[in-house]
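Q: Before we start, here is the structure in question, set down as structure tokens.
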Amino acid sequence: QKEVEQDPGPLSVPEGAIVSLNCTYSNSAFQYFMWYRQYSRKGPELLMYTYSSGNKEDGRFTAQVDKSSKYISLFIRDSQPSDSATYLCAMELIFGTGTRLQVFP
Amino acid sequence: ETGVTQTPRHLVMGMTNKKSLKCEQHLGHNAMYWYKQSAKKPLELMFVYSLEERVENNSVPSRFSPECPNSSHLFLHLHTLQPEDSALYLCASSQDVGGPGIEQFFGPGTRLTVL
């Protein structure tokens, strides 16, 4: 079993849609959970950072962590074409494969 | 310069060459990392340095040799690489290796092609 599982996509949605991205993990010791966004030919940039279980909201982005289910989610409201990128989940230093998101006008 | 910088951005080398990748962080962080990113694979953590001391080496072949002369600079020395080593090599830094300062800041990467 991989330490982190993430659907690679691609996920294609129309502008304005609500996007849900998810990861599962196997190590219950993880305490810190991150989402990174990576545009083509760029390095990943930190998008959201959450400690332990719960929700965190920042503008159009909401991160959720459910430690009991070992499941984390990233929601993007009112998605924009500029959100088209690869989204990587990370449990401390362990990354998922990334989900490629395309938002079309 | 701000954030994390990497040079060169692109590198093409033969299997017998020796080259080095350079990373510099301007964030005052204590930890630095090298990752390998290949298509359709998760980021692979290669090396971790905390306050210039290597704290993790994830079974990386000896043809990759890291060097951390101070907390702001990190190098990856390459020699006798294989074509399967072609990838994007990312450098990152964080305030600390563990705990609440673990969120990482990445450089733009070096796109390496081994012929």
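Q: Could you identify the single residue in B:P100, B:P108, B:P61 that is facing another protein chain (nearest Cβ under 10 Å), within 28 Å of A:K2 (Cβ to Cβ) and modelled with pLDDT under 95?
A: B:P100
Q: To continue, here is another question. Tally time: how many residues in the range A:76-105 are within 14 Å of another protein chain (Cβ to nearest Cβ), in contact with an Asp or Glu (Cβ under 8 Å, 6 or more places away or on another chain) and in a strand (DSSP E or B)?
A: 3
Q: Considering the range B:64-115 alone, what residues qualify as being aromatic (F, W, Y) and open to solvent by less than 10 Å² (accessible area, probe 1.4 Å)?
A: B:Y89
Q: Only one of (1) surrounded by fewer than 19 Cβ atoms within 10 Å (Cβ to Cβ); (2) within 13 Å of chain B (Cβ to nearest Cβ) is not met by A:F30, so which one is it?
A: Tallying (1) surrounded by fewer than 19 Cβ atoms within 10 Å (Cβ to Cβ); (2) within 13 Å of chain B (Cβ to nearest Cβ), A:F30 fails exactly one: (1).
Q: I would also like to ask the following. For the range B:78-95, give me the residue count where each residue is more than 16 Å from B:G14 (Cβ to Cβ) and not polar (S, T, N, Q). Quick ask: steps written out before the conclusion?
A: So in the range B:78-95, the residues more than 16 Å from B:G14 (Cβ to Cβ) come out as B:87-95.
Those left that are additionally not polar (S, T, N, Q): B:87-92.
Here the count works out to 6.
Q: Could you tell me how many of the residues in the range A:77-105 are acidic (D, E) and modelled with pLDDT under 95?
A: 1
Q: How many residues, within the range B:30-58, are closer than 13 Å to B:L74 by Cα and either open to solvent by less than 20 Å² (accessible area, probe 1.4 Å) or in a strand (DSSP E or B) (or both)?
A: 12
Q: Which residues, taken from the range A:74-97, are more than 27 Å from B:A31 (Cβ to Cβ), of a type in the set (S, T, Y) and open to solvent by 10 Å² or more (accessible area, probe 1.4 Å)?
A: Residues satisfying the conditions are A:S82, A:S84.
Q: Just checking, how many residues over the range A:34-73 are touching a Ser or Thr at 6+ places or on another chain (Cβ under 7 Å), assigned to a strand (DSSP E or B) and either open to solvent by 10 Å² or more (accessible area, probe 1.4 Å) or within 10 Å of chain B (Cβ to nearest Cβ) (or both)?
A: Total satisfying the criteria: 7.
Q: Give the residue that is surrounded by the fewest Cβ atoms within 10 Å (Cβ to Cβ), with candidates limited to residues of the range B:12-28 that are under 17 Å from B:E67 (Cβ atoms) and out of contact with any Gly (no Cβ under 7 Å at 6 or more places or on another chain).
A: The selected residue is B:K18.
Q: If I ask for residues that are in contact with a Gly (Cβ under 6 Å, 6 or more places away or on another chain) and outside any strand (DSSP E or B), which ones from the range B:83-115 would you list?
A: B:Q95, B:G107, B:P108, B:G109, B:L115
The values are calculated or read from the model by the stated rules, or taken from the named source; none is laboratory data. On a predicted model such as this, the values are computed, not experimentally measured, just so you know. Every residue, glycine among them, receives a Cβ derived from its backbone with ideal geometry; neighbour counts consider all protein chains shown. Protein only, heavy atoms only, side chains kept; ligands, DNA and RNA dropped before computing areas. Shrake-Rupley method; radii C 1.70, N 1.55, O 1.52, S 1.80 Å.
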